[in-house]
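Let me begin by presenting the structure, written as structure tokens, before commenting on it.
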Amino acid sequence: MSDISDEELMMMFQCGNVHAFELLFERHRTHLFNFIYRMLDRNRQDSEDLLQEIFVKLIKAKDLYEPKAKFSTWLFTVARNHCLNFVKSRRYLEGRVTVSLDEDPEEDKERLIESLPAKSSGSSEPERREVTDMIERAISQMPPNYKETFILHAVQGFSHEEIGDILKMNVATVRTTYHRARRLLMDQLGETFPGERG
Amino acid sequence: MIMNCTECRDLLSEYLDEELSGPVAAEVRQHLCACERCQKDLTAMGRMAAAIKALPEHVPNAGTILRISQIAHKSVAPPQEAAFGPVLTLENLAAYLRVDPDSLDAYLDEIPSFEIGGKLLFRKQSVEEWIERRERTSVAQRVDLDRSRKPFVDPIDRGGVVWQTSGEN
């Protein structure tokens, strides 16, 4: 079964083969969990709950899947929508920088930089864990549209084209959003990585 | 026109990912060759990209995995093993006994049945009683076979009880 594509496994599951689902689940659960985990600002309990909700939704709606859509794209589209709805419904941004998707990302940038944790002490060799934590916190504080694009590409490894399918955006917009997000991170984290800022 | 540092810095992310067109990439490269500061910025961006790729992977806990798996199993209807009613058709009987319908031909004379409208039907309770009789017969046959295979045993070892093989005096 390991040579069978995701799309074929999904069709087998539609026919009642639960082992096909088990294999699909095993292939994608960690990858998906990491996306949810970062979209929900590393809240583990909420992430576990949402992972379960998403797969239960997939199980119940399995007959709606059509093989013309790449399975991973379909899965992450469902997950992304779930994350957004969850965040909105739980007023998740309380106490954090409140950023609307309609606002100007450049204005967001100024507000974001002010809200980010203090820059590193200037040590040239920070502990790996501290660096990881700084990166994770910086990602979590990004404006939502930057964050999802950045996580999907830089962390999850999706191509710009795949991200365009997931987010229903054209590829040029995905690229622009991603590079802006990366520059935003560099503005905050640049001193953590040896380089000269002007 | 020679690119300045601000212009170069705005393009470093695309340059790092090799997404710039040939002429623009060449301009950036030309600036980098002459600007140590922007070279260092590019290096820093590369290191940050590597650190992001190396972020730890988080794994859902075993309880969540198990629950999802259980839900998936429940969602799939079991194979046609629905409870059979009190009266079985020939096809039902084959499914109930998990045999090929054709293999029942040899047993139709002994399996209790009745006929209505030309259709052979079997009362499930009667079939189960027939199964029990076959089980008892099968066990008795095995016991007899087992006895017939036992060798003659010296009566001294058996406390005076002598088992004889069949056909022996």
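The values are calculated or read from the model by the stated rules, or taken from the named source; none is laboratory data. Remember, it's a predicted structure, so these values are computed and weren't measured experimentally. Note that each Cβ is placed from the backbone with ideal geometry, even for glycine, and that neighbours are counted across all protein chains shown.
In the stretch A:9-47, what residues are free of Cβ contacts under 8 Å to residues at least 12 places away in the same chain and either within 16 Å of A:Thr77 (Cβ to Cβ) or not in a loop (DSSP other than H, G, I, E, B) (or both)? Outline the logic, then answer.
Of all residues in the stretch A:9-47, those free of Cβ contacts under 8 Å to residues at least 12 places away in the same chain come to A:12, A:15-18, A:22, A:26, A:30, A:37, A:43-45.
Within the stretch A:9-47, A:Met12, A:Val18, A:Glu22, A:Glu26, A:Thr30, A:Tyr37, A:Arg44, A:Gln45 meet the criteria.
Which ones in the stretch A:142-183 are charged (D, E, K, R), in a helix (DSSP H, G or I) and more than 9 Å from chain B (Cβ to nearest Cβ)? Please lay out each step first, then the result.
Narrowing the stretch A:142-183 to residues charged (D, E, K, R): A:147-148, A:161-162, A:165, A:168, A:175, A:180, A:182-183.
Keeping just the survivors that are in a helix (DSSP H, G or I) gives A:147-148, A:161-162, A:165, A:175, A:180, A:182-183.
Hits for the stretch A:142-183 are A:Lys147, A:Glu148, A:Glu161, A:Glu162, A:Asp165.
Look through B:Glu57, B:Glu14, B:Glu7, B:Glu91 and report the one residue that is facing chain A (nearest Cβ under 10 Å) and assigned to a helix (DSSP H, G or I). Give the derivation first.
On the way: B:Glu57 fails: assigned to a helix (DSSP H, G or I); B:Glu7 fails: facing chain A (nearest Cβ under 10 Å); B:Glu91 fails: facing chain A (nearest Cβ under 10 Å).
Exactly one of B:Glu57, B:Glu14, B:Glu7, B:Glu91 is facing chain A (nearest Cβ under 10 Å) and assigned to a helix (DSSP H, G or I), namely B:Glu14.
Would you point out which residue out of A:Leu189, A:Leu101, A:Leu152, A:Leu93 is modelled with pLDDT of 65 or more, under 18 Å from the mean Cα position of the chain (by Cα) and of a type in the set (A, V, I, L, M)?
On the way: A:Leu189 fails: under 18 Å from the mean Cα position of the chain (by Cα); A:Leu101 fails: modelled with pLDDT of 65 or more; A:Leu93 fails: modelled with pLDDT of 65 or more.
Every option except A:Leu152 fails the conditions.
One residue is enough: does the stretch A:14-28 have a residue meeting the conditions of a type outside the set (A, V, I, L, M, F, W, C), within 23 Å of A:His153 (Cβ to Cβ) and surrounded by 18 or more Cβ atoms within 10 Å (Cβ to Cβ)?
Restricting attention to the stretch A:14-28, the residues satisfying the condition of being of a type outside the set (A, V, I, L, M, F, W, C) are A:14, A:16-17, A:19, A:22, A:26-28.
Next, from what is left, pick out any that are within 23 Å of A:His153 (Cβ to Cβ): A:27-28.
Among the residues that remain, those that are also surrounded by 18 or more Cβ atoms within 10 Å (Cβ to Cβ) are: A:28.
Yes, because at least one residue in the stretch A:14-28 is of a type outside the set (A, V, I, L, M, F, W, C), within 23 Å of A:His153 (Cβ to Cβ) and surrounded by 18 or more Cβ atoms within 10 Å (Cβ to Cβ).
Just the residues that are charged (D, E, K, R) and either without any contact (Cβ under 8 Å) to a residue 60 or more places away in the chain or not in a loop (DSSP other than H, G, I, E, B) (or both), please, taken from the stretch A:62-92.
Initial filter on the stretch A:62-92 (charged (D, E, K, R)): A:62-63, A:66, A:68, A:70, A:80, A:88, A:90-91.
Listed by number, the residues that qualify are A:Lys62, A:Asp63, A:Glu66, A:Lys68, A:Arg80, A:Lys88, A:Arg90, A:Arg91.
Criterion first (more than 30 Å from A:Phe150 (Cβ to Cβ), away from every other protein chain (no Cβ under 11 Å) and free of Cβ contacts under 8 Å to residues at least 40 places away in the same chain) does B:Arg98 satisfy it? Step through it out loud before you land on a result.
On the way: more than 30 Å from A:Phe150 (Cβ to Cβ): yes; away from every other protein chain (no Cβ under 11 Å): yes; free of Cβ contacts under 8 Å to residues at least 40 places away in the same chain: yes.
The answer is yes for B:Arg98.
For the stretch B:60-68, does any single residue satisfy the condition of being assigned to a loop (DSSP other than H, G, I, E, B) and within 30 Å of A:Phe33 (Cα to Cα)? Working first, answer last.
Start the filter on the stretch B:60-68 by keeping residues that are assigned to a loop (DSSP other than H, G, I, E, B), which leaves B:60-61.
Now drop any that are not within 30 Å of A:Phe33 (Cα to Cα), which leaves B:60-61.
The answer is yes, given that some residue of the stretch B:60-68 is assigned to a loop (DSSP other than H, G, I, E, B) and within 30 Å of A:Phe33 (Cα to Cα).
For the stretch B:66-75, which positions are facing chain A (nearest Cβ under 7 Å) and closer than 13 Å to A:Phe25 by Cα?
Within the stretch B:66-75, B:Arg67, B:Ile68, B:Ser69, B:Ile71, B:Ala72, B:His73 meet the criteria.
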